[in-house]
Amino acid sequence: MESEGKKRILEVLQLDDAKDETCRTFVMHGEDHTLGNSLRYMVMKNPVVEFCGYNVPHPSEDKINFRIQTKTQPAVDVLRQGLRDLSGACEHILATFEEAVDKCKKKQNEEVEKMDMEASL
Amino acid sequence: MEQAMEKIRTRVSLEEHDVKDVHSTDFPGTYQGYDDSWNQKKFEKNFKIDVKRLTDSEMEFDMIGIDTAIANAFRRILLSEVPTVAVEKVFIYNNTSIIQDEVLAHRLGLIPICADPRLFEYRTEDQEEPTEMDTIEFQLKVRCMKNTHAPKDATDPDELFKDHKVLTKHMKWIPIGNQADLYGKNAFRPVHDDILIAKLRPGQEIDCRVHCVKGIGKDHAKFSPVATASYRLLPEIKLVKTVEGDLAELLQTCFSSGVIEVEESNGVKRARVADARRDMCSRNVFRHEELKDCITLTRVRDHFIFSVESTGVLPPDVLVTEAIKVLMSKCRAFVTEMHEQRSK
């Protein structure tokens, strides 16, 4: 994935009326259900979205088709918003996780110290 | 009415013949009177992580207040997209053991190598020569000999032969370029030094060199950094009627140990839910006609009990952090790509 940095990872299919910006199918190369489903969830959380879904066209093709239909806004903007929301959520999850791990490690250290103290008494 | 709706939104129901309300439905427009649009502040307020157990190789933690779609993404990334270092190329100079070259190479590939993948880069396809930035080299050279000091009546191969077991401790790290100065003398080694690679008999020899590279589990399972990474939803058990006497004891046997406690007061035994978390959700209780209506079984939709078991390459908490970063970088890559395409 990282190695093919120069290749285009996002394509927009020209199936729809180009003037109608509210419907688009995006092809995301190198992605699967991991990003597909979590991004679909985020995009569907947007109230302007009428429909959002994805599929894996073939198991041996490393890509997904990601479809967005909105009520008014351009589908491209909705996709960008979804990606930003998802990475924003990840940022908070990462911070919370690191905090929780630190807390757990601190507690473990305290317990070890306490046991050492008791043993030396 | 409202209570029933709340139940559909927040619980997965386990019933006698089916599991109900499996899918998330909390999207804008599904329910009247609910604001289901994405709200970062609301998410941050409700989101919680609680680490229950943490050792060098295993961890269990609760992730509360998030949808399955995202929790599952982390699980999938842990299994197949967090990079590690593993044996990719084996150069066999001599192999007179009974293990065929290709089987030997495959076995070497599956050995977990203790090396921080964050220090390395991916090898590109068109690249000919390995460099210190992308390859770790090991030498494996073992020759089995007769033990001349073995007692005459010995039958145990351990006494009869020297080096008849080829173990991971025989793998010797050969630094490439300035690796020894950068990372120290014994920086890279197999995670365990007692993995059996092959067995030899006197005169047989294995002589090979292996190149380890960075990769991800999607490409080959040997790169997967976890032994297992899984989650389950928090079980919730509610007694809707009081269960007393022999029925209380019967109820206790329907669940995993420690889930139901039977208390005795004034000579009456009464069942109580002690710890629903320990339940494995067997639904055995529904086999008893007399207990069926006394209990409701559900699972909390947004409470994930994660269990991550590392192969020992990196500590489990680091693996989870890396997994979250992978999902974040995926999103960012697409945002940048969209920005670039628009400016073209």
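The values are calculated or read from the model by the stated rules, or taken from the named source; none is laboratory data. Since we're looking at a predicted model, the values are computed, not measured. Every residue, glycine as well, gets a Cβ built from its backbone with ideal geometry; the counts of neighbours run over all protein chains shown. Ligands, DNA and RNA are stripped out before the accessible areas are found, and what is left, the full protein with its side chains, is counted by its heavy atoms. Shrake-Rupley method; radii C 1.70, N 1.55, O 1.52, S 1.80 Å.
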Solvent-accessible area per residue for the stretch B:84-224 at a 1.4 Å probe radius, Å²?
-> 57 Å²
Length gain on complete extension for the stretch B:K45 to B:L239, per 0.36 nm per residue less the alpha carbon to alpha carbon distance?
-> 66.8 nm
Using a probe of 1.4 angstrom, how much of the accessible area of the protein assembly as shown is carbon and sulfur, in percent?
-> 48 percent
What does the charge dipole of chain A about its Cα centre add up to, to the nearest 20 debye, if the Cβ of each Lys and Arg holds +1 and the Cβ of each Asp and Glu holds -1?
-> 420 debye
May I ask for the equivalent-ellipsoid semi-axes of the stretch B:22-134, computed as the square root of five times each C-alpha gyration tensor eigenvalue and listed largest first in whole Å?
-> 46, 17, 15
Label-point separation (nm) for B:H288 and B:Q3, each offset 7 Å from Cα along Cα-to-Cβ?
-> 2.5 nm
What's the FRET efficiency of B:E249 with B:E15 using the Cβ-Cβ distance as r and R₀ = 25 Å, to the nearest 0.05?
-> 0.55
With Cα atoms, 0 to 90° folded angle of helix B:68-80 axis to chain B main axis = 10 degrees
Going through the stretch B:142-215, which trypsin sites (Lys or Arg not before Pro) have at most 13 other Cβ atoms within 10 Å and a DSSP loop state?
-> B:K152, B:K185
May I ask you to derive the relative contact order of chain A, considering only C-alpha pairs under 8 Å and at least 6 residues apart, and to give it as an integer percent?
-> 22 percent
Surface accessible to a 1.4 Å probe, per residue, for the residues of chain A, Å² | 58 Å²
Chain pair B, A: how much accessible area is buried, both chains summed, with a 1.4 Å probe, in Å² to 100?
-> 4400 Å²
Trypsin sites (Lys or Arg not before Pro) restricted to DSSP loop in the stretch B:247-302 with at most 16 other C-beta within 10 Å = B:R283
Taking only C-alpha pairs under 8 Å that are 6+ residues apart, what is the relative contact order of the stretch B:84-224 in percent?
-> 42 percent
Could you state the principal axis extents of the C-alpha atoms in chain B, from the largest down, to the nearest angstrom?
-> 79, 77, 33
What does the charge dipole of the protein assembly as shown about its Cα centre add up to, to the nearest 20 debye, if the Cβ of each Lys and Arg holds +1 and the Cβ of each Asp and Glu holds -1?
-> 320 debye
The answer for the net charge of residues other than B:E15 whose Cβ lies under 11 angstrom from its Cβ, with Lys and Arg +1 and Asp and Glu -1, is 0
Using alpha-carbon pairs under 8 Å, 6+ residues apart, how would you state the relative contact order of chain B in percent?
-> 25 percent
Would you mind giving the mean number of other chain beta-carbons within 10 Å of the Cβ of each residue in B:38-46, as a whole number?
-> 4
Beyond 25 Å, what share of the Cα-Cα pairs of chain A is found? Please give it as a whole percent.
-> 43 percent
Sort out for me the Cα centre separation of the stretch B:187-242 from the stretch B:23-98, rounded to whole Å.
-> 18 Å
Given the peptides B:258-266, A:41-49, arrange them by the average over their residues of other C-beta atoms within 10 Å, most packed first.
-> A:41-49, B:258-266
Only helices counted: for the protein assembly as shown, with every DSSP H run of 4 or more residues adding -39500 (n - 2.57) and the sum spread over all residues, [θ] at 222 nm is -10000 deg cm²/dmol
Around B:R278: net Lys/Arg minus Asp/Glu count, Cβ-Cβ under 13 Å | -2
Compute the convex hull volume of the Cα atoms of the stretch B:84-224, divide it by the residue count, and report the result per residue in Å³ as a whole number.
-> 120 Å³
Which net charge results for the neighbourhood of B:I305, defined as the other residues with beta-carbon distances under 15 angstrom from its beta-carbon, given Lys and Arg at +1 and Asp and Glu at -1?
-> 0
In the stretch B:299-330, which residues become less accessible by 30 Å² or more once every protein chain is in place, relative to the chain on its own, using a 1.4 Å probe?
-> B:D317, B:T321, B:I324, B:L327, B:M328, B:K330
What's the average, rounded to a whole number, of partner chain beta-carbon atoms within 10 Å of each residue's beta-carbon in A:75-87?
-> 4
